[in-house]
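Here the structure comes first, spelled out in structure tokens, and everything after it is commentary.
The values are calculated or read from the model by the stated rules, or taken from the named source; none is laboratory data. Being a predicted model, the structure only gives us computed values, none of them experimental. Cβ sites come from the backbone with ideal geometry, for glycine too, and all protein chains shown count toward neighbours.
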Amino acid sequence: MQTQQQLENLQAIQNPDVAVVTLDSPFKVGDTEITKVEVRKPSVPALKKVRIADILNGDVNAICTLLPLCTSPTLTASQLNSVVDPVDIIQMGGAIITFLQPKSVRAEIALQQ
């Protein structure tokens, strides 16, 4: 039987353009508790909405502009402003920043985890 971490690693290997972020502070949407969010590699149209330099510098406004466009379940601007913990926003932003790195850097980051 595989552990949860092994399953997540297997998923990452299968789709390197999706990162699963386990939230430090889960929140509820209706009756559903959100404990994990999938962050997908942002598309070019999504990136046109922000300055890439702002994303790479960790600008929270830029990250919050992108997250509704590349998360599952889809996070809304209202949720990002009210119920999502800032630590979790930074974790998801880190996933986006990693996606914007060359494959060689991404591979090195993966080895360090």
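Brief remarks follow.
- First in region 98-113 and in contact (Cβ under 8 Å) with a residue 12 or more places away in the chain, second anywhere and among the hydroxyl-bearing types (Ser, Thr, Tyr), Cβ under 8 Å, 6 or more apart: Arg106/Thr98
- Of the residues making up region 87-113, those that are of a type outside the set (A, V, I, L, M) and under 16 Å from Val39 (Cβ atoms) are Asp88, Gln91, Gly93, Gly94, Thr98, Phe99, Gln101, Arg106, Gln113.
- Selection status of Pro102, out of contact with any Gly (no Cβ under 7 Å at 6 or more places or on another chain), surrounded by fewer than 17 Cβ atoms within 10 Å (Cβ to Cβ), of a type outside the set (S, T, N, Q) and under 16 Å from Lys28 (Cβ atoms): no
- Pick from region 1-17, criterion surrounded by 11 or more Cβ atoms within 10 Å (Cβ to Cβ) and outside any helix (DSSP H, G or I), ranking: modelled with the highest pLDDT: Asp17
- Exactly one residue out of Val44, Val20 is exposed (fewer than 12 other Cβ atoms within 10 Å of the Cβ), at pLDDT 90 or above and among the hydrophobic types (A, V, I, L, M, F, W, C): that is Val44.
- Candidate set: region 47-63, residues that are under 19 Å from Asn81 (Cα atoms) and under 15 Å from the mean Cα position of the chain (by Cα); chosen: the one surrounded by the fewest Cβ atoms within 10 Å (Cβ to Cβ): Asn61
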